[in-house]
Amino acid sequence: MSKFSPFTNFLKKILDLTHERQEYAEAYYEELNRQSRILHIPGSILGIFCWLGFAFDTDPKLHPEFPELFYFRMGLSLFSASFLLIIYISHLFRLNLRGKGLGWSYAYIAYLLNATAFFTGRIADDPAYVSGFQMVIMILPFMPFPRRAVFIYYPISIFIFFVSVLIYRPNLSTVSAAYSMQNLVLSYVLGLFSGYIIERFRFNSFLSHQKILLKNKEVSESMDEIRALKNKQDGDYFLTTLLFNPLIAKETESSMVRIEYVLNQHKKFFFREKEYSLGGDYLSVYNLILQGKKYKAFINGDAMGKSIQGAGGAIVLGAVYNSIIIRSKMDPNSSNRSPERWLKDCFMDLQKVFETFDGGMLVSAVLGLLDETSGTLYYINLEHPWMVLYRDGKASFIKSESHFYKLGVSGIQSELSISTFRMKQGDKIFCGSDGKDDIIIEELANGKRVINEDETEFLHRLEMAEGDTLKVESELRSFGLFSDDFSLISLEFVGENSPRPNKNFSAAREALIAKQYDDALRLLTEYQTPLAASSNEYKLFSRIHEKRDDLFSAIDYAGMALEADPSDTDWLFHTSLLFKRMYSLQKSAAYLSESQELSERVRLRNPQNIKNLIHLADIYRLQGNKERASYLIAKVNRISPNDLMAEALAKKLV
């Protein structure tokens, strides 16, 4: 071991010289070239105009003794214009004159940084120009360059600056000049550290993307192996089991939600003297953060087909769902979606994959999100058995009003909607495949089997098991034999719901109806602070402030009500209206954007809500998106022809 090894290892650690950089060096440079090409046109346009104001106006006034400054400024404009011409010629004659991407960026930054360093050194006693040089210095860390670019460009620019100072000898003895030089040094130091951090973040993001692609490639290759080994049944089954098991996620830890699950695949087989099981049922539970709130993301699916056919569908389901979860955890944009939007996007991603099998692989499923704080359940049921609510010792179905086909059914005309359900403390939600219902209760002498057809039998067995997930499986086995795969997820909400309204709530509501707004506000606040109120009290606070024309407070309390109870779709719509009213007063696009977000969530829950569709269409009109507004109005006309509000809004779009 060399005596310099500790120092070498320390240097590699500081400079992040990992084996991944060597392994992905070529692909990383291709990505940097791609990012640089994106900057070619906007960067050239910016380069043409950014210095013209200084060249023709500011510089002659501040430094008439330095006419050469005009040529430095115009040089950047000519360079940028020339490159735009090269891009145009390349596009016109289909030539590759612009290079891969980094070449132009290198030359652009070299001229910008070094030219600025030279003429700033000439007039280094002018703090304004030194400040401009500092801005140019800070551009470099944000360019899609490899890390060594910072360590090459900065020393060269520093050298040019010092040479210029030595040649022209500006007066640097003043206090303001000394202050500017200190800031210049800090700019270089900050640029070095910023360049290091930003480039490392850029590479780690690139590396994460490569690993996701590699994971998807591995799953694809694994599926190819399964098809190649289809003539070796036991080997086929065993390999499928190895692929399937890692796709089942079990992130059940939580202080607010207690999760249990059972997965019993019907097909049993032996491989190398060990028993394994194989089937088409799939379940997973993940921790997920959306818009800063913690959720339990869960899925329970049942792929069509027996044994390996069903298992193939379950593997595809698990692989795609895992990919969606990974992307949601790693991509900030993906994790900044509402739960309704996340569920719809999840469904669309799964549907696109299963549609490629042309009906040869269908899956019934329930996709869900459970808000750990409020106990609000968001879900989509795709021809899966109804979920079951176990509350106070009684079991009942949660019947969704919407009907959707299995994953993989193409040509679907019905519009997807997200269902919501508010859980109380101690509630349990059970989600399971049809294996819990298809119990063999009798086998006749002629070989025929009698299958249970009473779907309420599971409710009775669940009550007998007192809501225990493991016990209910034993109860079902005592009733008969399983004829299909059996999977079951239970989610128990152990968190606290918002408190009940205080004793003055009814009186405050009556005061509001009587238009005695001050009395209503006094009654609500004299018993407890507004921050400790129930969701209904937050709504009442909001309505009182709305009547008092205090929209700022009304919006604040409306948001608190939604935090306490996100399942109230009517209040979601009302809050969207409040933001739109605030926009009409403040003319801030942020309010209109928030109104749009809330209205879109209402549309995802209830696509047929005409009032919301008209409201949302008007928002898009105000945002200037006439195409989207016209689409929504056309949808209203299909649901309710000759709607007067829709016709009035349509006239505004003409």
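The values are calculated or read from the model by the stated rules, or taken from the named source; none is laboratory data. All figures in this text were calculated on a predicted structure; none of them were measured in a lab. With ideal geometry, Cβ positions are generated from the backbone for all residues, glycine too; neighbour counts draw on all protein chains shown.
Points to keep in mind about this one:
- Residues located in the stretch 550-567, provided they are without any contact (Cβ under 8 Å) to a residue 60 or more places away in the chain and under 23 Å from Glu496 (Cα atoms): Asp556, Tyr557, Ala558, Gly559, Met560, Ala561, Leu562
- Any hit, the stretch 238-257, residues being in contact (Cβ under 8 Å) with a residue 60 or more places away in the chain, touching a helix residue (DSSP H, G or I) at 6+ places or on another chain (Cβ under 9 Å) and exposed (fewer than 15 other Cβ atoms within 10 Å of the Cβ): no
- Within the stretch 47-61, the set of residues being in a helix (DSSP H, G or I) and either surrounded by 14 or more Cβ atoms within 10 Å (Cβ to Cβ) or within 28 Å of the chain's Cα centre (by Cα) (or both) comprises Gly47, Ile48, Phe54, Ala55, Thr58, Asp59, Pro60.
- A residue that is among the β-branched types (Val, Ile, Thr) and within 24 Å of Ser640 (Cα to Cα) can be found somewhere in the stretch 590-605.
- Residues that are in a loop (DSSP other than H, G, I, E, B) and free of Cβ contacts under 8 Å to residues at least 40 places away in the same chain, drawn from the stretch 443-467: Leu444, Ala445, Asn446, Gly447, Lys448, Asn452, Glu453, Asp454, Thr456, Ala465
- Helices (runs of 4 or more DSSP H) enclosed by the stretch 545-610 - at least 2 residues per element that are out of contact with any Gly (no Cβ under 7 Å at 6 or more places or on another chain), closer than 29 Å to Gln516 by Cβ and in the same structural domain as Gln623 (by TED's automatic domain parsing): 551-564, 569-586
- In the condition set (1) modelled with pLDDT of 85 or more; (2) more than 23 Å from Val320 (Cβ to Cβ), Gly280 is compliant with all but (2).
- Residue selected from the stretch 332-346 under the condition out of contact with any Ser or Thr (no Cβ under 9 Å at 6 or more places or on another chain) and more than 17 Å from Tyr379 (Cβ to Cβ), by the criterion modelled with the highest pLDDT: Asn336
- Residue that is buried (at least 17 other Cβ atoms within 10 Å of the Cβ), modelled with pLDDT under 95 and within 18 Å of the chain's Cα centre (by Cα), where the choices are Ile325, Ile315: Ile325
- Leu97 being in the same structural domain as Gly121 (by TED's automatic domain parsing), over 31 Å from the mean Cα position of the chain (by Cα), hydrophobic (A, V, I, L, M, F, W, C) and surrounded by 12 or more Cβ atoms within 10 Å (Cβ to Cβ): yes
- Filtering the stretch 258-303 to residues that are surrounded by fewer than 18 Cβ atoms within 10 Å (Cβ to Cβ) and under 23 Å from the mean Cα position of the chain (by Cα) leaves Asn287, Ile289, Gln291, Gly292, Lys293, Lys294.
- Every test in (1) in contact with a helix residue (DSSP H, G or I) (Cβ under 6 Å, 6 or more places away or on another chain); (2) under 30 Å from Glu372 (Cβ atoms) is passed by Ile439 save one, and that test is (2).
- For the stretch 459-501, the tally of residues that are closer than 29 Å to Thr373 by Cβ, surrounded by fewer than 18 Cβ atoms within 10 Å (Cβ to Cβ), modelled with pLDDT under 90 and more than 32 Å from the chain's Cα centre (by Cα) stands at 2.
- Qualifying residue in the stretch 113-135 (condition: in contact with a helix residue (DSSP H, G or I) (Cβ under 7 Å, 6 or more places away or on another chain), within 21 Å of Glu30 (Cα to Cα) and either outside any loop (DSSP other than H, G, I, E, B) or free of Cβ contacts under 8 Å to residues at least 24 places away in the same chain (or both)): no
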